[in-house]
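The values are calculated or read from the model by the stated rules, or taken from the named source; none is laboratory data. This is a predicted model, so every value here is computed, not measured. Reconstructed Cβ throughout: ideal geometry from the backbone, glycine too, with neighbour counts over all protein chains shown.
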Ligand code: 26Y
């Protein structure tokens, strides 16, 4: 089996212990006598890392020899979370490690808990990239991730007096999982000017010169697959001053510090992850990050291709580049520039290769999230790229003109350049035009982009260029690692852990749904996860949550379209209703804990107000003696990947209640259901496919459909809608000061009234409340609930990221796996 082949295996726990101790004593220069959990973590990580490196090197060698087509996944975000536990599980040495550190006097859980999250992402898009890396390695695809090595990841969220406060996440103090490659460095230019030169034959070429140069240094992170020796590479670029760029003039004139200061500016490029999720701010530094990362990555990819001495036209047979949203769209322009300005190909040869190389994944229909860069900014920062974009646009529009003669409107609509003041470059259009496939991330979403934002491009390119690949999640992290007891129980019934590699095997659980003992164990595992979360909540917030109450969880970025406001309004309504009830009525109520978590973008005022309302409601409800266990409201600080691993297994119900048509897919919905939680949600994103797979009886759907949204918004704009009366009661309570100074919430409430309720909270509110009541009734029937939970998990196979990656490989990349034989 693979383990015999794997270099990752320690000869036994003794060897493992020897290695840990050796690292503590030599690498860390500490004595085992004052080895604390942190040092034990460091030693363990270094010991595991040594083993990873061996299979990593072998894999890279093997892939180089095989010389097959490789996948390059370009993403500005990789939300990896912690690595140690995942590495132990993927390489099959967790038991060895548990025993090994146990005998040294440590609990493996405490050791694992010392690791800092690698939080190089905002939310769904970044975590998807991380799940995809896990699947690519597990399925033995030759694949590299390319990203930025931010010195500061997503900020840490503290709640101070009920408000979000952002604290910098300086995470690189000790990171054993990265390897600096000081020999892999690329000079990247910004600004400068372009000159045209013609050679003796009159052939014209372009020189881009005279700009500022910044150096990109590669840092490599090993990505081990599950139960395979394949260990892929994630390459993150870090910026530093270019060695040739020291300002001697300032130095000689005595301004030594000044010249150093100038140099240090180079480091700001990879200093910080932009904390915006689904909202584009158009900042120059962000565009610099994008070009820096894209140019370094392409340089690397082209260099690797050149080593094989193949003709350029074979480039797309060796290279598939996937663009994770429009953030890396400049790669299209940069590759075209490399081919025509440096390698001397003709425009047509070059463009043919470029378009056969790229695929573009769209993650949103929200207009505020679509990237548009101002032309003047581009002109100064990337003058040659702007010329190339104009040329791409010219040829593209000529083609459109041929197909739709005299349709000037059409030309305007599909032009890469938007004729605004100033003109802007529509990055999504550039991404479509420069790729051979464009995909959405869930069926509804892929249909919507074809019908709305990209409609004209269907007319231009035909429908085949557009496709769907529904998102998935890795069951290794989101079941086996986050919920080992559930994974073990499933394995005991399915006769092993094969389901972690072939998630459709979960179907076999259906046979056990009526087994009394199995059902009991299933629900005990859920209760244990709830007890664990309740303890975490008590330790961190001092709020006592009864583990037997219904855990209702909504954790995700705070965004108006995700409608955390609807959730908290519903909580307020529930509270008001409880306050009206007589004691005998109160006795019949299902106790509920409403648990929230998520970060607001630092500049997103409304999202921050929503957090404040949640904490304020908590302050009132949690101390109300009449209410007791019947309602608790918790806001968990600093939601991140490692906290998700504790929170997700503990839900009875989780909320995915975006305005229909706004959430491209959602992926936490999949994680919750895979852990035996049920969903209350709208007909949006992947909720629809989850319903198709697990059955309508096993999900609580509410609200209007995507197709109704336009008309409803129209009615709001024409003042034709009265606020839902129950929502009116809630607003009245807020405005009466029941949750503190009502002025704080003026904006939140006026969004519903004068703001025309763009996210249709009022329209869905009564349906939401009624569905929550149905959740309560259903929860009372413990047997029914258990059946729903088991049947749901049994039918979640489709949502494995392995399925998603195989679809990308078949329909977009045309790449085969490269398993190692020996
Ligand atoms: C333009 C820039 C500021 C920007 C930065 C981050 C734009 C978008 C984003 C992040 C988007 C994101 O996370 N989208 C989510 O992608 C998930 C994976 O496909 C989806 O499941 C989820 O519905 C979508 O909101």
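Quick notes on this one:
- Scan of the stretch 291-320 for residues that are free of Cβ contacts under 8 Å to residues at least 40 places away in the same chain and over 16 Å from residue 184 (Cβ atoms), ordered by number: 309, 310, 311, 314
- Unique residue being surrounded by 24 or more Cβ atoms within 10 Å (Cβ to Cβ) and touching a residue at least 60 places away in the same chain (Cβ under 8 Å) when the list is 133, 139: 133
One line per residue, one yes/no per condition, for (1) away from the ligand (no atom under 16 Å from the Cβ); (2) in a helix (DSSP H, G or I):
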| position | (1), (2) |
| --- | --- |
| 649 | yes, yes |
| 659 | no, no |
| 669 | no, yes |
| 680 | yes, no |
| 684 | no, no |
| 688 | no, yes |
| 721 | yes, no |
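- Qualifying position, being more than 30 Å from residue 29 (Cβ to Cβ), in contact with a strand residue (DSSP E or B) (Cβ under 6 Å, 6 or more places away or on another chain) and buried (at least 24 other Cβ atoms within 10 Å of the Cβ), among 79, 120, 128, 74: 74
- Qualifying positions in the stretch 394-420 - under 33 Å from the mean Cα position of the chain (by Cα) and without any contact (Cβ under 8 Å) to a residue 40 or more places away in the chain: 396, 415, 416, 419, 420
- Residue in the stretch 323-340 that is assigned to a helix (DSSP H, G or I) and loosely packed, with under 15 Cβ neighbours inside 10 Å present: no
- Qualifying residue in the stretch 737-747 (condition: in a loop (DSSP other than H, G, I, E, B), in contact with a helix residue (DSSP H, G or I) (Cβ under 7 Å, 6 or more places away or on another chain), assigned by TED's automatic domain parsing to the domain that holds residue 579 and surrounded by 13 or more Cβ atoms within 10 Å (Cβ to Cβ)): yes
- Just so you know, in the stretch 341-380 the residues that are in contact with a strand residue (DSSP E or B) (Cβ under 8 Å, 6 or more places away or on another chain) and assigned to a helix (DSSP H, G or I) include one that is nearest to residue 74 (Cα to Cα), and it is 357.
- Screening the candidates 580, 589 for the property of being assigned by TED's automatic domain parsing to the domain that holds residue 728 and without any contact (Cβ under 8 Å) to a residue 40 or more places away in the chain yields one hit, 580.
- Residue check, residue 429 on the phi < 0 side of the Ramachandran plot, in contact with a helix residue (DSSP H, G or I) (Cβ under 9 Å, 6 or more places away or on another chain), within 16 Å of the ligand (Cβ to nearest atom) and modelled with pLDDT of 95 or more: yes
- Failed item, numbered, when residue 502 is tested on (1) within 30 Å of residue 112 (Cα to Cα); (2) surrounded by 17 or more Cβ atoms within 10 Å (Cβ to Cβ): (2)
- Subset tally (residues that are in contact (Cβ under 8 Å) with a residue 24 or more places away in the chain, buried (at least 18 other Cβ atoms within 10 Å of the Cβ) and in contact with a helix residue (DSSP H, G or I) (Cβ under 8 Å, 6 or more places away or on another chain)) for the stretch 442-452: 3
- Selection count, the stretch 61-89, where residues are over 30 Å from residue 272 (Cα atoms), assigned to a helix (DSSP H, G or I) and in contact (Cβ under 8 Å) with a residue 12 or more places away in the chain: 4
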